Amino acid sequence: MKEQKRADTENDQAMKLAPDEDLMLEVRNGTGETLGVLFDRYHAPLYNFYAKLTGDRTLSEDLVQEVFLRILRYRQSYQAGTPFRAWIYQIARNARVDHYRKTPRHITFEPEMAPPVMPKDSAQQSEEAELLHRALMQMPEEKREILILSRFQELKYNEIARLLGCELGTVKTRIHRAIQELRQNFKQLERGQLNSDKNSGGTKFVPPRRAGNEV
Amino acid sequence: MKCEEIGELLPDYLQGNLKAEQDDLVEKHIAECADCREDVAIWKKLSLLPVEQPSAGSRERFEAMLHAYQTGRNDKAVAELGREKRGGVWSWLRSPVGAVAWSAALLVIGVFAGNSLGNRPTHSMADQGEIAAMHSELTNMRQLVVLSMLQQQSASERLQGVSYSQREGQLDPQVVAALVHTLRYDNSVDVRLAALDALSRHGGQPQVHRDVMEALQEQQSPLVQVALIDQMLEWRDADTAQRLRNFAQSPNLNPTVRQRADWALSKLN
């Protein structure tokens, strides 16, 4: 009994150290038990990817679940030797595109544009973070996406190039342009903030009201 | 160095991919150029954005989904998928799929030979009509391939058949009927789900809506049930709510499925 338990723990340990690709092959060939380990590794990064991209936390959680459901559905299509990270982000991008195809944003999509919960270490920092969040959300989605992929998802440029199906040089150019746009947006917001501070004696940024109808 | 040249290096500078001397070049430039300096600063500032935490229920939801998937799967179909080995080109050619593909290939060769041997200088109206007829015949052939693949023994071949059907813009009513049959009666959950995906692209046909809604009552797999509910919610037909209400009252319903049906109903109201 005890030995069985130890063997189980050792097995768990081995599973926790196994490369993503090996785990995915097990998912492909088995009944999906090992998918839990991949979920533990990827659900938070994917959630962050979606949350930063869409600004909608509920939608982000749904999309993460959708990604793992798709992995199960299409696991037969996973080929040995495919880097898992690239594969899962491909699925993640498709899931989002399909979501918007099915649910056009202006009808049922309710952006929950509430700014993220900010660290409380310094008032100035959290103010900057709020502006940054808004500056990011002002950008066209494909620019925001490439910034998020390279800055927060820790994808290398060549991985992004494969993901987006373009040249490495193109990825770098796009990232540079995206940074420039973010910088300009941010500066503009900062100026607006300064002016409104002067006018109103420094009221805090009030998040925009939720758009759309409560269902 | 100019900003444009630095711009080419900047992304690599930010991810720390540059050699020491290129690194120095960039740093020298940003010491002098305010815009580029701000580009670097804004990139660094992005670290102020907090890491978002998924809610605690996220893992549970995943477990429920995985569980539904596993219980819904037909063991026989799993074994079949695992065991399957390709028998080489000959066995494929002998199979019905191969036979249809052969006929299609021969047809193409025939059309090509006919056109080049005929050696006619211009395409008359009659030719164009002929070509159109050939084209539609080829489309039919492809759809025949789908039909025969959907009848294969092996789940993965049926799966291929379903995905093959998605390449066709307009489906023959017979193919649609075959997909509906697959959605209702195929013994592999994967194949049923794929059939639903394929049918969802033909939502323009009211009959497809009715067939999908009717499939809900007889489904046993929670995963397929959930997928069907989601699809019905997306289409929002006049009788969707009524059907969902009836369905939610069926006895022995998987709790996750009941929840999903209730959730869909709340979205409809």
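Whether any residue in the range B:124-137 is modelled with pLDDT under 65 and not in a helix (DSSP H, G or I) is what I want to check. Yes - at least one qualifying residue is present in the range B:124-137. Scanning the range A:156-170 for residues that are closer than 13 Å to A:Glu142 by Cβ and within 18 Å of the chain's Cα centre (by Cα), we see that the one that is surrounded by the fewest Cβ atoms within 10 Å (Cβ to Cβ) is A:Leu164. Could you check, for the range B:152-171, whether at least one of its residues is assigned to a helix (DSSP H, G or I), touching a residue at least 60 places away in the same chain (Cβ under 8 Å) and touching an Asp or Glu at 6+ places or on another chain (Cβ under 7 Å)? Yes, the range B:152-171 contains a residue that is assigned to a helix (DSSP H, G or I), touching a residue at least 60 places away in the same chain (Cβ under 8 Å) and touching an Asp or Glu at 6+ places or on another chain (Cβ under 7 Å).
What about B:Arg260, is it under 24 Å from B:Val146 (Cβ atoms) and either within 14 Å of chain A (Cβ to nearest Cβ) or within 20 Å of the chain's Cα centre (by Cα) (or both)? When the stated conditions are applied, B:Arg260 does not pass them.
Of the helices (runs of 4 or more DSSP H) entirely within the range B:1-45, those holding at least 1 residues that are more than 24 Å from A:Leu132 (Cα to Cα) and at pLDDT below 90 occupy B:3-14.
For the range A:53-73, the criterion of being touching a Leu at 6+ places or on another chain (Cβ under 7 Å), without any contact (Cβ under 8 Å) to a residue 24 or more places away in the chain, facing chain B (nearest Cβ under 7 Å) and surrounded by fewer than 22 Cβ atoms within 10 Å (Cβ to Cβ) is met by at least one residue.
Within the bounds of the range B:188-197, is there any residue that is of a type in the set (S, T, N, Q) and either modelled with pLDDT of 85 or more or touching a strand residue (DSSP E or B) at 6+ places or on another chain (Cβ under 8 Å) (or both)? Talk me through it step by step, then tell me what you get.
We begin by selecting, within the range B:188-197, every residue of a type in the set (S, T, N, Q); these are B:188.
From what is left, the residues that are either modelled with pLDDT of 85 or more or touching a strand residue (DSSP E or B) at 6+ places or on another chain (Cβ under 8 Å) (or both) are none.
No, because not a single residue in the range B:188-197 is of a type in the set (S, T, N, Q) and either modelled with pLDDT of 85 or more or touching a strand residue (DSSP E or B) at 6+ places or on another chain (Cβ under 8 Å) (or both).
What helices (runs of 4 or more DSSP H) lie completely within the range A:118-176 and have 2 or more residues being of a type in the set (A, V, I, L, M), more than 8 Å from every other protein chain (Cβ to nearest Cβ) and more than 19 Å from A:Pro45 (Cβ to Cβ)?
On the way: elements: A:123-138, A:141-151, A:157-164.
The qualifying helices (runs of 4 or more DSSP H) are A:123-138.
All conditions but one from (1) within 14 Å of chain A (Cβ to nearest Cβ); (2) in contact with a Lys or Arg (Cβ under 7 Å, 6 or more places away or on another chain); (3) under 24 Å from B:Met149 (Cα atoms) apply to B:Leu196; the one that does not is (2).
Number of residues in the range B:206-251 that are surrounded by fewer than 21 Cβ atoms within 10 Å (Cβ to Cβ), part of a loop (DSSP other than H, G, I, E, B) and within 14 Å of chain A (Cβ to nearest Cβ) equals 1.
The values are calculated or read from the model by the stated rules, or taken from the named source; none is laboratory data. Every value quoted in this text rests on a predicted model; they were computed, and no experiment measured them. Reconstructed Cβ throughout: ideal geometry from the backbone, glycine too, with neighbour counts over all protein chains shown.
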